Amino acid sequence: MEIMLESKYFEIVASVVVFILLMIVRAIFRSIIRKHAHKYDLDAGQKKYANKFFNFVLAILLFVCLGIIWDVSVKGLSIYFASVFTIVGVALFANWSILSNITSAIIMFFNSPYKIGTKIQIMDKEDSVTGTVLDITLFSIQIQTSEGDIVSYPNNIAIQKPIKQLK
């Protein structure tokens, strides 16, 4: 009985320590994102997307750590996880551009050559787009052309094309 109580005590203390450590890491990430957004004068929406992405990653890390600490048996869950990962894998393979767009949005946040309000030209052979950046979302860049049209340009394509900043 005493060994069982010591084991539970260790699991509770370890869980609290992991939670506190991840909160510290979260605060560090938020600080880095805030400083980067301030340094490059980025939109609050971009900062929000980056924070959500890192919060999601940290939540997954927390659940994995807690599962290890509490010795959660994955024997019964292995079939469930295999099925879920198979379905997700097929879905992501079928829609690889969704994951690619989100990854590109994170890359553009930390290495942003332009921001909202910047006049740019995306140089694509037949489909060049020139206009002012209205918004940068997780999936696309919204550009307003000189004719007033709003063009939604996918992030994964924009990151592969040369982008010229206009004055």
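Quick notes
- Flag if SER78 is among the polar types (S, T, N, Q), modelled with pLDDT under 80, in a helix (DSSP H, G or I) and in the same structural domain as ILE20 (by TED's automatic domain parsing): yes
- Among the residues of the stretch 115-129, those identified as within 27 Å of the chain's Cα centre (by Cα) and either hydroxyl-bearing (Ser, Thr, Tyr) or at pLDDT 90 or above (or both) are GLY117, THR118, LYS119, ILE120, GLN121, ILE122, MET123, VAL129.
The values are calculated or read from the model by the stated rules, or taken from the named source; none is laboratory data. Predicted model, so just to flag it, every value in this text is computed and none were measured.
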